[in-house]
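Nothing in this text is a laboratory measurement; each read-out follows from the coordinates by a stated rule. All values reported here derive from a predicted model rather than from experimental measurement. Please note: Cβ atoms are built from the backbone with ideal geometry, for glycine as well, and neighbour counts cover all protein chains shown.
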């Protein structure tokens, strides 16, 4: 399976105004805090992730279903190839 196919970006939204525009303060490539461009509220990285937890969980759930579906399809195709030519085993 191609792992690159399952990379996702989740847009984080401000819980106050719903904006997705943030200014980030970095220290050594780690985001310390975010400043909402819409309402001006400041969030720590953990607060922003916690506030968007439901959105993140939905993306994870969707991705899990897609991975499961693709894995089942890949296994079915592999078994079909392995038992090709056998007249006693059939796949639906």
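Look at 79, 13, 48 and count the other Cβ atoms within 10 Å of each Cβ; fewest to most, that gives 79, 13, 48. Taking the C-alpha atoms only, the angle from helix 53-82 to the longest principal axis of the chain is near 20 degrees.
Values (i) 1.00; (ii) 1.30; (iii) 1.17 are given for comparison; Rg/Rh (Cα atoms, Kirkwood Rh), derived from the coordinates here, is the one labelled (ii). Give the residues of segment 31-64 whose amide nitrogen is closer than 12 Å to a point set 7 Å from the Cα of residue 70 in the direction of its Cβ. Inside the label zone: 63-64. Comparing mean-square fluctuations of 68, 44, 78 from a GNM of the chain with C-alpha springs under 10 Å, the top value falls on 78.
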